[in-house]
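Enquirer: This is the structure, below, for whatever I ask next.
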Amino acid sequence: MCTRPCRSQLRASVLAILVPIALASTPLAAAETGGATVSASSSSNFPYTLRTEHLDNGLTVVFVPTSHQGVMAYYTLIRAGSRNEIEPGHSGFAHLFEHMMFRGTEKLPEDERMKLEKNLGIDSNAWTSDDETVYTMTGPSEALPKVIELEADRFQFLHYSKDVFQTETKAVLGEYNKNFSNPAEKLEEVLLDHAFDKHTYKHTTMGFRADIEAMPTMYEYSQSFFKHYYRPDNAIIFVVGDFDAEATLAQIKTAYATWTGQADKPAIPEEPEQEAARAATVPWDNPTQPRFMVGYHSPGAAQGLAPLAVQDVLTSYLLGPTSAAHKTLVLERQVVESLQPWYSPHRDPRLWHYEVVLKDKKDMASVQTFVDGEVAKLRDGAVDARRFEAVKSNTRYSIYNELQTPPQIAGQLAHMTTLTGDPNTLSQLLGEVSKVTPADIVAFARTYLVDSNRTVVTLAPKVK
């Protein structure tokens, strides 16, 4: 299972006009059907029709029929991630729970479930990020009825012993040690810790190491986390591919009928405005290339979708392969190994940030000065209008290759829906990106890409 944020997915641009794909669906009018509120929507910004069902217990189900014959994806989004970890000393539980959800139920223990999934040809996986946890089931359409049964069972009747819990917490600590032996992951951990004072984005999805080490003693708390956030009104199911919508809806209603309760709405601490530049250095004992990471506080979905579209276009304009920074530092001077944006949209204000990996530590200052100079030019209003339009066009089309299969479609919809709770969020963002202008990215740079709002973290091997 993917037991950490899937960087390849979360870093990717999600604001792209998709090349139309042949669909096996038609728009449906809003209606009331058998205890569920039904709505359907389609948009020129998104080539699929989404049929959304709101069940009486609060569970939302989104149907996306496509022409992929014999294949389906069944994704369950829980709108709870590390953002929800508001109690001091308890970071990392959203990610831990991703692990625990594979431990089975009294009706179907872990080993039996795994054997059944294998026999059905089902690929079962999951990921956790700051704002969400997503459970994925992909396989042949004929297995869908059994998948519904399996998922309804574990989301309502998850069961694990104290011994199993303690074993899994040790596995999570091992995963932490492995992940943060990667200098890039360590850079981001330190960047977030220094950039944030109060908001739960201060820690990564994995959580603080000290909290992970204390997890084995928190068996009772782990069960309360499940009760707080794994509730039907906090879950959205995406069914994508080849399936019978009416039969699937009927089975979901029956299978999840006993799932009740309402999720807690955590009081997420509001982050105060940063008033001065911040910096940190990460010592590194092992051989690695020198690097630095820069982050600026920036708006999240809570401030509207338009700022997210601006940041997506801005990222490619300033740091993409056609940018002056990339062409000069990577191609011409060849002093930079990679210039990597790490921005991804979030529910609350987080960071617009990037990582630069250098070939030699001696170039650290000059490279930082060059990138800062490109940011300053943008603040001064210097925008290449022709390149801007090309970048925006590329942004609009860049996600096409990631939406060719039911799991890709379900994954992008789940990730974007977590921002607002609305399955149409991706379509709405696609519309917003088409409206972004050069003046928008200049205004953003003048407001957010300023020294007082910046945190810089550097990393280089120790000199022995």
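Enquirer: Relative contact order for the range 147-281: what percent, with Cα pairs under 8 Å and sequence separation of 6 or more?
Expert: 37 percent
Enquirer: With a cut-off of 8 Å between alpha carbons and a minimum separation of six or more residues, what is the relative contact order of the chain in percent?
Expert: Taking the mean separation of contacting Cα pairs over the length of the chain, I get 23 percent.
Enquirer: Could I ask something else about it? Enumerate the amide H contacts of V282 below 5 Å, restricted to partners 5 or more residues apart or on another chain; note that Pro and chain-start residues carry no placed amide H.
Expert: Here T458, L459, A460 satisfy the definition.
Enquirer: Right, another one. May I ask what percent, to the nearest 5, of DSSP beta bridges between residues of the chain are antiparallel?
Expert: Antiparallel: roughly 80 percent of the beta bridges in the chain.
Enquirer: How much length would be gained if the chain were fully extended between K359 and K162, taking 0.36 nm per residue of separation minus their Cα-Cα distance, in nm to one decimal?
Expert: Length gained between K359 and K162: 66.1 nm.
Enquirer: Between A277 and A385, what FRET efficiency comes out of the Förster formula 1/(1 + (r/R0)^6) with R0 = 25 Å and r the beta carbon distance, rounded to 0.05?
Expert: Approximately 0.20, to the nearest 0.05.
Enquirer: Measure nothing fancy, just the Cα-based angle from helix 110-120's long axis to the longest principal axis of the chain, in degrees from 0 to 90, nearest 10.
Expert: Roughly 90 degrees between the two axes.
Enquirer: Now for a separate question. Compute the helix-to-body angle for 183-195: its Cα long axis versus the longest principal axis of the chain, expressed 0 to 90° and rounded to tens.
Expert: The angle comes out near 80 degrees.
Enquirer: Give the residue from Q156, G121, H99 lying farthest towards the positive end of the charge dipole for the range 67-168; charges sit on Cβ (+1 for Lys and Arg, -1 for Asp and Glu) and the dipole is referred to the Cα centre.
Expert: The listed residue farthest towards the positive side: G121.
Enquirer: Got a sec? How would L331, L173, L459 order by Cβ neighbour count within 10 Å, fewest to most?
Expert: The most exposed by this proxy come first: L331, L173, L459.
Enquirer: Where nothing but the Cβ of Lys and Arg (+1) and of Asp and Glu (-1) is charged, how large is the charge dipole of the range 101-170 around its Cα centre, in debye to the nearest 20?
Expert: Dipole about the Cα centre, nearest 20: 260 debye.
Enquirer: Now a separate question. List the pairs from K170/K359; K362/K435; K178/K359; K198/K327 whose alpha-carbon separation is above 31 Å, in the order I gave them.
Expert: Over 31 Å Cα-Cα: K170/K359; K362/K435; K198/K327.
Enquirer: Mind checking which aspartates and glutamates have their C-alpha under 15 Å from K462, skipping anything on the same chain fewer than 8 residues away?
Expert: D285, D360
Enquirer: Provide the per-residue ³J(HN,Hα) series for the range 159-173, in order, calculated from phi with Karplus coefficients 6.51, -1.76, 1.60 and θ = phi - 60°, each as a whole number of Hz, with x at glycine and proline positions.
Expert: 9, 8, 7, 5, 5, 5, 4, 5, 4, 5, 5, 5, 5, 5, 4
Enquirer: Follow-up. Taking the Cα centre of each part, how many Å lie between the range 208-280 and the range 374-394?
Expert: 39 Å
No value in this document is a laboratory result; all are computed from the given coordinates. Not measured: the values here are computed from a predicted model. With ideal geometry, Cβ positions are generated from the backbone for all residues, glycine too; neighbour counts draw on all protein chains shown.
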